[in-house]
Amino acid sequence: MNCFDCPPDRERTAVAVCHRCGAGLCRDHAHTGVETVHAVHGTGRATHTPSARRLSCGTCREAES
């Protein structure tokens with residue numbers, strides 16, 4: 001699979017998948033972020049540490065911020 005964001009004349013192999021839209025991404029176009037993981041425990045919720053890694057494309061990253 002090739003990177004979705006690379007121009008056709010410079011296609012590169014995808015090494016990641018966007019968490020939100022599922023587009024294949026090369027190392028140059030993959031953006032790494034963090035996501036807090038919550039789990040329901042009884043009547044409340046607990047936050048897990050460390051946070052989870054989240055990979056996204058530039059379009060989804062811009063839309064979420």
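Laboratory data are not the source of any read-out in this text; all were calculated from the coordinates shown. Just so it is clear, the model here is predicted, and its values are computed rather than measured. Neighbour counts run over all protein chains shown; Cβ positions are idealised from the backbone, glycine included.
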Put one equal scatterer on each alpha carbon of region 8-64, apply the Debye formula with no solvent term, and list log10 I(q)/I(0) at q = 0.13 1/Å to two decimals. -0.44
Under 10 Å, Cα contacts only: if you run a Gaussian network model on the chain, which one of T43, T32, T13 comes out with the highest mean-square fluctuation? T43
Selected from C6, H31, A46, residue furthest toward positive end of dipole (the chain; charges at beta carbon): A46
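Figure the gain on full extension for D28 and S51 (residue separation times 0.36 nm, minus the Cα-Cα span) and round it to one decimal in nm.
Going from the current span to full extension adds 6.0 nm.
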Skipping prolines and chain starts, which residues have an amide H placed within reach, meaning under 5 Å, of the one on R54, given they are 5 or more residues away or on another chain? G33, V34, E35
Which ³J(HN,Hα) values in Hz, rounded to whole numbers, follow from the phi angles of region 11-26 under the Karplus curve 6.51 cos²θ - 1.76 cosθ + 1.60, where θ = phi - 60° and Gly and Pro get x? 4, 10, 6, 6, 10, 8, 10, 4, 4, 8, 9, x, 5, x, 9, 7
In debye, nearest 20, what is the charge dipole magnitude of region 8-64 about its Cα centre with +1 on Lys and Arg Cβ and -1 on Asp and Glu Cβ, if you could check? 180
The set of residues whose placed amide H lies less than 5 Å from the amide H of A16, leaving out same-chain residues fewer than 5 positions away, is L25
Please give the calculated 222 nm ellipticity per residue for the chain, where each DSSP H segment of at least 4 residues contributes -39500 (n - 2.57) and the sum is spread over every residue; nearest 500 deg cm²/dmol? -2500 deg cm²/dmol
